[in-house]
Amino acid sequence: MKVLFAIDATDHWHAAAKAVGRFVAAAGGEVAILAAVRREKARRTALEAARRLLDLSEGALSTKIRRGFLETALAEAAREETFDLVVVPPLGMRDTLTGGHLRSTIARRVHASTLLLRRGRGHPRRILVCTQGPLHGLDNLEAASTLARVFEAEITVLHVASAFPLTAEATAEMERLTEHFLETDTPEARHLREVEQSLARRGLAGRLKVRFGVVVDEILDEVVEGKHDLLVVGAHHPTRDDYLLADVTGNVVRDSPVSTLVVRKRA
Amino acid sequence: MTEGGTARRRWTVRVVSGVAGLLLFILALQLMRRGAGGLEPFVRDLLGVDDAASALGFGWAAAYLVMSGSPVAAISLTLFVSGILDDIQTFVMIAGSRLGASLIVLVVGFLYALRGRDRGASLQMGLLSLLVTYTIYVPAIVIGILLLESGTFDAVRLAPPAGLVDAIGLVYDPIVELLARRLPFWALFIAGAAAVVAALQVFDRALPDFEKRSPVRGVGVQIYRPAVMFALGFVVTLFTLSVSVSLGILVPLSAKGLVRRENVIPYIMGANVSTFIDTLFAALLLDAPRAFTIVLVEMVAVALVSVAVLVFSYDRYQKTMLDILDRILRSRATLAVFLAVILVLPFVLLRT
């Protein structure tokens, strides 16, 4: 496993560094530390802190130095090599002032699975995995399961159904879906049953949840109501249809109050 | 019949329907224009339409009675051309016709039967369409009145080519004169209003096949950008001329009549802008440049509010609309109260 861990001059990423180090040590792999810090002294201090907190052998650590904005540096570095995971520190005031657009920009530009950190504990205890169906669902579950095993976290798999009836007949169909969703024969229901079996096979503490409403709103509400501390969502590689389709992942990343892992399958 | 033969026949039906609908629409406008001349005492004294509020209520209530917004919008233009209504009254009456028409989506069983379609809209869709229309149109009415009073669009006037006006007169004047000699003015007016409804029904048959050609065929599966759905609602309604018919076209694009919740509201917003296109056309056919300006201001005002919502606060607007919808549908009592209020409100405005 190859991880790109971005750091800045603050200490907001320190707790996450310990968790990342623990994760890489358990899963096996190496970490490239990306320091996009302008001042040399601050950069040296940050790099020393990163090495100390990651607590990995020297052979498992490497360093990349970049000048300029983190969002640009990350995208460039992630293009130069193939990383399994890119870890982005809490982005501070610039992200807050742009209403989270910096986070969603990074998630869009970095073509690798990306963990966007928020300030907090560091390692997750309750993971919320979002699945829209078979397309990304099992990949998201795979990523979340790896984290859950290392950190002994609980997993909740969430599916949001945002169907809205156009006709009177469709209202009846929607009522049927709402009441017995998991028992229906829709592709999404079959996928969720498969997820349930997958969780059982992996011996993980997990449960399924289905919500009905606008996808982004329901995901964010579930994060808060379920007191989850890590959100896992999927993203596809950019296609020409992107100019038509809504950026659901970007919207979730922008407004998520907790750290978010955007899972992207290697192209 | 071969596949090519069937396609040719279908195409011929569409063309004939389109032309017939257009010719009937022009006749309807001429009849209403002629009949409107004697309606002033009825409109002002009996109905009490003498200010903006009562004109709004009149357009709104009339749309309920006629079960459609377009005929009422056309009526408002003929009343304007006849000097019975002024600019602002015409403007709000047209807006009122759209507020009334949005209720019709809720009573779609009757409307779809009238328009020759067999699918009834769900209660949720009807209510959502109504909520979106009301929340967009109320600020749009204020903006539109300000635009009209400021004269911002006064320079934008369009008149049909003189040749077209002469041709319409040549063809339709004899028919209108013949009917005017036999019918009282109010019957002429009613005949014109009925002819507008019939014209739209005929014109329905000319609608292109959106099911196969739409680039957003997956509205039941994918979540599209609000701007994309707004544009789709706008374009589809340019052809269908009716929000309720435009909503009906989403049905074959979806699976089992279910669409993604995120796709619905911007679609309705787009439809609400281009639904004026038939009224704009009517203004042109009436050879009333100022009427054209009034309808254009209506479209611009609704478009401005819609785009502002889409750009600056769409997520919050969507959440608010869906929350209000859930609250209204929570019980039969809340639904009944809501419907009672919107049914009574136009008549209250009419009596102010």
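The values are calculated or read from the model by the stated rules, or taken from the named source; none is laboratory data. Worth saying up front: this structure is predicted, and the values here are computed from it rather than measured. FYI the Cβ positions are ideal-geometry reconstructions off the backbone, even for glycines, and counts take in every protein chain you see. Just so you know, the surface numbers come from the protein's heavy atoms only, side chains and all, with ligands and any DNA or RNA stripped out. Shrake-Rupley method; radii C 1.70, N 1.55, O 1.52, S 1.80 Å.
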Using the Karplus equation 6.51 cos²θ - 1.76 cosθ + 1.60 (θ = phi - 60°), what ³J(HN,Hα) coupling, rounded to whole Hz, does each residue of region B:78-84 give in order, writing x for Gly and Pro?
5, 5, 5, 4, 7, x, 7
Once amide H atoms are placed 1.01 Å from N in the peptide plane, what residues at a sequence separation of 5 or more from A:F5, or on another chain, have their amide H within under 5 Å of its amide H?
A:A32, A:I33, A:L34, A:V87
Just want the answer: with Cβ charges of +1 for Lys and Arg and -1 for Asp and Glu, which residue in A:T63, B:V228, A:L245 is farthest toward the dipole's positive end in the protein assembly as shown?
A:T63
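Per residue of B:256-268, how many C-beta atoms from partner chains lie within 10 Å of its own C-beta, taken as a mean? Can you show the working numbers first?
On the way: counts 10, 12, 12, 6, 7, 12, 9, 3, 3, 2, 0, 0, 0.
So the per-residue partner count for this stretch is 6.
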With all protein chains in place and a 1.4 Å probe, B:E177 shows an accessible area in Å² (nearest 10) of 70 Å²
Can you tell me the orientation of helix A:40-54 relative to chain A, as the angle in degrees between its alpha-carbon axis and the longest Cα principal axis, to the nearest 10?
60 degrees
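Using unit Cβ charges (K, R positive; D, E negative) and no other charged atoms, how large, in debye to the nearest 20, is the dipole of chain A about its Cα centre? If you can, show how the numbers build up before the last one.
Values: 38 positive and 36 negative charges, 308 e Å.
In total the dipole reaches around 1480 debye.
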Probe 1.4 Å, all protein chains present, accessible-area order of B:L178, B:L46, B:L200, A:L135, largest first
A:L135, B:L46, B:L178, B:L200
Rank these residues by their accessible area, most exposed first, probe 1.4 Å: B:L29, B:L24.
B:L24, B:L29
Set Lys and Arg Cβ to +1 and Asp and Glu Cβ to -1, take the dipole of the protein assembly as shown about its Cα centre, and tell me which of B:G218, A:L4, B:L29 lies farthest positive.
A:L4
Could you tell me the total accessible area buried at the A-B interface, probe 1.4 Å, in square angstrom to the nearest hundred?
2400 Å²
Percent of Cα-Cα distances greater than 18 Å, calculated over region B:142-296
69 percent
Label A:K18 and B:V16 with points 7 Å out from Cα along Cα→Cβ: what is the distance between them in nm?
8.2 nm
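Give, rounded to the nearest 20 debye, the magnitude of the charge dipole that region A:1-74 has about its Cα centre when Lys and Arg contribute +1 at Cβ and Asp and Glu contribute -1 at Cβ. It would help to have the intermediate numbers written out before the result.
Numbers: 13 positive and 8 negative charges, 49 e Å.
Using Cβ point charges on Lys, Arg, Asp and Glu, region A:1-74 gives about 240 debye.
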Over all alpha-carbon pairs of region B:266-352, lay out the pair-distance distribution in 10 Å bins, whole %, shortest bin first.
15, 26, 36, 20, 4
How much length would be gained if the chain were fully extended between B:L335 and B:I143, taking 0.36 nm per residue of separation minus their Cα-Cα distance, in nm to one decimal?
66.1 nm
Under the Kirkwood approximation applied to all pairs of distinct alpha-carbon atoms, what is the hydrodynamic radius of the protein assembly as shown in Å?
27.6 Å
C-alpha long axis of helix A:187-202 to longest principal axis of chain A, angle in °
50 degrees
Relative to the present Cα-Cα distance, how much length would full extension add between B:W186 and B:A7 at 0.36 nm per residue of separation?
60.1 nm
Only Cα pairs under 8 Å and at least 6 apart count here; give the relative contact order of chain B as a rounded whole percent.
27 percent
Residue-wise, which Karplus ³J(HN,Hα) couplings in Hz belong to region A:59-69, taking 6.51 cos²θ - 1.76 cosθ + 1.60, θ = phi - 60°, and x for glycine or proline?
x, 8, 10, 9, 10, 10, 10, 9, 9, x, 6
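Give, in whole angstrom and from largest to smallest, the semi-axes √(5λ) of the equivalent ellipsoid of region A:64-165, with λ running over the eigenvalues of the Cα gyration tensor. Walk me through the intermediate numbers first.
Details: eigenvalues 136, 61, 49 Å².
Semi-axes, largest first: 26, 18, 16 Å.
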Work out the mean other chain Cβ neighbour count within 10 Å for the residues of A:214-222 and drop it here as an integer.
3
May I ask you to give the solvent-accessible area per residue for the protein assembly as shown, in square angstrom, as obtained with a 1.4 angstrom probe?
44 Å²
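Let's see if you can work this out: charge +1 on each Lys and Arg Cβ, -1 on each Asp and Glu Cβ, no other charges. What is the dipole magnitude of the protein assembly as shown about its Cα centre, in debye to the nearest 20?
Working: 67 positive and 59 negative charges, 320 e Å.
Using Cβ point charges on Lys, Arg, Asp and Glu, the protein assembly as shown gives about 1540 debye.
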In nm, give the distance between the simple-model label positions of B:E40 and A:E169, each being 7 Å from the Cα along the Cα-to-Cβ direction.
5.3 nm
As a test of the definition: which semi-axes, in Å, follow for region A:110-267 when you take the square root of five times each eigenvalue of its alpha carbon gyration tensor? Largest first, please.
25, 19, 15
So what is the orientation-averaged projected area of chain B, using the convex hull of its C-alpha atoms, in nm²?
19.1 nm²
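If you take the alpha carbon radius of gyration of chain A and divide it by 2.2 N^0.38 Å, what ratio comes out, to two decimals? Don't jump to the answer; show the numbers that get you there.
Values: Rg = 19.2 Å, N = 267, 2.2 N^0.38 = 18.4 Å.
So chain A has a normalised radius of gyration of 1.05.
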Distant-in-sequence amide H partners of A:T167 (H built 1.01 Å from N, under 5 Å):
B:S122
Mind checking A:156-163 for the average number of partner chain beta-carbons within 10 Å of each residue's beta-carbon?
3
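Could you please state how large a percent of the accessible area of region B:1-41 is carbon and sulfur, counting protein chains only and using a 1.4 Å probe? Intermediate values should be presented prior to the final figure.
On the way: 1520 of 2410 Å².
Here carbon and sulfur together make up 63 percent of the probe-accessible area.
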With labels modelled as points extended 7 Å from the Cα through the Cβ direction, what inter-label distance (nm, one decimal) is found for B:V235 paired with B:D51?
4.5 nm
Amide H neighbours of A:G234 at under 5 Å, excluding residues fewer than 5 places away on the same chain, with H built from the backbone geometry, are A:V263
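Using R₀ = 41 Å, calculate the FRET efficiency as 1/(1 + (r/R₀)^6) where r is the Cβ-Cβ separation of B:A194 and B:A308; round to 0.05. Before the final figure, lay out each step's value.
On the way: r = 38 Å, r/R0 = 0.93.
That gives a FRET efficiency of 0.60.
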Rg/Rh (Cα only; Kirkwood hydrodynamic radius) as it applies to region A:42-108:
0.98
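With an 8 Å cut-off on Cα pairs and a minimum separation of 6 or more residues, tell me the relative contact order of region A:19-144 in percent.
On the way: 118 pairs, mean separation 26.2, N = 126.
Computed value for region A:19-144: 21 percent relative contact order.
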Compactness ratio of region A:1-95: Cα Rg over 2.2 N^0.38 Å, N = residue count?
0.98
Quotient of C-alpha Rg and 2.2 N^0.38 Å, computed over region B:35-84:
1.04
Rank-order A:195-207, B:296-308 by packing density, defined as the average count of other C-beta atoms within 10 Å over each peptide's residues, highest first.
B:296-308, A:195-207
